[in-house]
Amino acid sequence: GTLKHQITILSQSTTQDSSGQPSSTWTPILVTRAAMRELSFREQSQNQLIVSQAIHEIKIRWTPVVIAAGMRVTFSTHTYSIQDVNNIQEFNRVYVLQCLEIDGVN
C-alpha cells in the first residue's frame with residue numbers, strides 16, 4: 001500500500017551525567033510504516049551559508065503511543081522534527097505528522 005517507508009519515532013529524555021550536568025538522549029518509542037511526501041522546500045542565505053528547509057507530511061496508522069510536537073522521526077539517513085500531530089477527524093485511524101527536516105543531526 002501507500003505506507004511503504006519504515007520510520008522510527010523518537011522521544012527526548014534528559015538525564016544527569018556523572019558530573020551532574022543534564023544530558024539529552026533520543027529514545028525510540030515506535031517503529032512503524034508511513035507514507036511520506038514533501039510539501040515545500042526552500043533555500044536561503046544566512047551568514048554566507050545556504051540553509052535549506054523542507055517540510056514533510058508523514059502519515060501513519062493510529063497508535064495508542066503518545067506522539068507529540070517536539071519528538072523526532074528518523075527515516076533512512078534523514079531526521080525530522082515533528083511540528084504538529086493531527087488525528088484526522090479524531091477517528092483514531094490515521095495520524096498526519098507535519099515535520100521539518102533537520103540537517104546535520106547526530
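The values are calculated or read from the model by the stated rules, or taken from the named source; none is laboratory data. Remember, predicted model here, so these are calculated numbers, not experimental data. Because the Cβ atoms are built from the backbone with ideal geometry, glycine has one as well, and the counts that use them run over all protein chains shown. Just the protein is used for accessible areas: all its heavy atoms, side chains included, with ligands, DNA and RNA removed. Shrake-Rupley method; radii C 1.70, N 1.55, O 1.52, S 1.80 Å.
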**Item:** Within region 19-54, considering residues that are among the polar types (S, T, N, Q) and at pLDDT below 85, the one surrounded by the most Cβ atoms within 10 Å (Cβ to Cβ)
**Value:** Q53
**Request:** Give me the pairs, please: first residue somewhere in region 1-30 and farther than 30 Å from R61 by Cβ and without any contact (Cβ under 8 Å) to a residue 60 or more places away in the chain, second residue anywhere and open to solvent by 80 Å² or more (accessible area, probe 1.4 Å) and polar (S, T, N, Q), beta-carbon distance under 6 Å, and either six or more positions apart or on two chains.
**Result:** P22/T14
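State whether one or more residues within region 71-81 are exposed (fewer than 13 other Cβ atoms within 10 Å of the Cβ), under 15 Å from the mean Cα position of the chain (by Cα) and at pLDDT 95 or above.
Of region 71-81, the ones exposed (fewer than 13 other Cβ atoms within 10 Å of the Cβ) are 76-77.
This time we only want the ones that are under 15 Å from the mean Cα position of the chain (by Cα), so: 76-77.
If we keep only those that are at pLDDT 95 or above too, we end up with none.
Checked region 71-81: no residue is exposed (fewer than 13 other Cβ atoms within 10 Å of the Cβ), under 15 Å from the mean Cα position of the chain (by Cα) and at pLDDT 95 or above.
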